[in-house]
Amino acid sequence: AVSPDCPDCLFAASANGVWKSFDKGLNFTFMTNPAGVCDGFAVSDMDTSVMIYGMLDVYRSFDGGRNFNKVANWFVNGGSLPFNGPQYVHADLREIRAHNGEFYIGTDGYLAKSSNSGIDWQRLSRGTGIREFYSIGLSQSEHNSTMAGSQDNGTSIYRKEGWVEFYVADGMESLI
């Protein structure tokens, strides 16, 4: 990651930690190894002390990468987190970018934005049908019954009255 806030700096993150170069990548300094797995990483374009890191969960640093704290969860455990609430971000972060002080996260389920350095997240693609289906089950006797299992988005059941979302996580095989 790069940031106009520090033109000579280059930042790198992986499962082996977060690294920072002050000399355009000639030398790197190890910062820390956050608890979560890294599949996405960004540094604020306004303030290089703010970083977002993650894959399943989202972690944030306010001290230039020395410490990271979990700011969003992907898993709704027994209703303890509001599904689609401000501290929920869909799993499998694919891309994180900073633009004008805001962070954008692309996951395999939707696009989210944080206007307050990762404290709260807003789902931007609400109303769009973004799904990766594993399988579809059709009823042979009732033409208004269909089930579809999807990656990370659970199982969708279609009845005459409309779609019902059943369970989160991987929907997998759907049979009627």
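The values are calculated or read from the model by the stated rules, or taken from the named source; none is laboratory data. Please read all numbers here as calculations on a predicted model, not as lab measurements. FYI the Cβ positions are ideal-geometry reconstructions off the backbone, even for glycines, and counts take in every protein chain you see. Quick note on the areas: whole protein, heavy atoms, side chains included, nothing else; ligands and nucleic acids left out. Shrake-Rupley method; radii C 1.70, N 1.55, O 1.52, S 1.80 Å.
In this structure, the amide hydrogen of Met31, modeled 1.01 Å from its nitrogen in the peptide plane, lies closer than 5 angstrom to those of Val18, Trp19, Lys20, counting only residues at least 5 positions away or on a different chain. The 3J(HN,Hα) values that the Karplus relation (6.51, -1.76, 1.60; θ = phi - 60°) gives for segment 137-144 are, in residue order, x, 10, 7, 7, 10, 10, 5, 9 Hz. Gly and Pro appear as x. The H on the amide N of Gly101, modeled in the peptide plane, is under 5 Å from the matching H of Asp45, Met46, each at least 5 residues off or on a different chain. Placing unit charges on each Cβ (+1 for Lys and Arg, -1 for Asp and Glu) gives the chain a dipole about its Cα centre, and among Asn100, Ala15, Phe41 the Cα reaching farthest toward its positive end belongs to Asn100.
Taking the Cα centre of the chain as origin, work out the dipole magnitude from +1 charges on Lys and Arg Cβ and -1 charges on Asp and Glu Cβ, in debye rounded to 20. Kindly include the intermediate steps, with their values, before the conclusion.
Numbers: 13 positive and 20 negative charges, 33 e Å.
Dipole size: approximately 160 debye.
Among beta bridges identified by DSSP and lying wholly in the chain, the antiparallel ones come to about 95 percent.
Summed over the residues of segment 1-151 and divided among them, the accessible surface reaches 51 Å² per residue at a probe radius of 1.4 Å.
For segment 84-165, the Stokes-Einstein estimate of translational diffusion at 37 °C and a viscosity of 0.692 mPa s comes to 227 µm²/s, using the Kirkwood hydrodynamic radius over alpha-carbon pairs. Dipole size of segment 1-68 about its Cα centre, with +1 on Lys/Arg Cβ and -1 on Asp/Glu Cβ: approximately 160 debye, rounded to the nearest 20. For segment 45-75, the list of trypsin sites (Lys or Arg not before Pro) that fall in a loop by DSSP and count at most 15 other C-beta atoms within 10 angstrom reads Arg66.
Backbone phi angles across segment 116-121, fed through the Karplus curve with coefficients 6.51, -1.76 and 1.60 (θ = phi - 60°), yield HN-Hα couplings of 10, 6, x, 5, 10, 10 Hz in residue order; Gly and Pro are listed as x. Counting every alpha-carbon pair across the chain, the share separated by more than 26 Å comes to 38%.
Measure off, as a whole percent, the carbon and sulfur share of the 1.4 Å-probe accessible area of segment 118-176, all protein chains present. List each step's numbers first, then the result.
Values: 2180 of 4020 Å².
On segment 118-176, the fraction of accessible area on carbon and sulfur atoms equals 54 percent.
Spin-label pair Ala35-Ala169: with each label point 7 Å from Cα along the Cα-Cβ axis, the two points sit 2.0 nm from one another.
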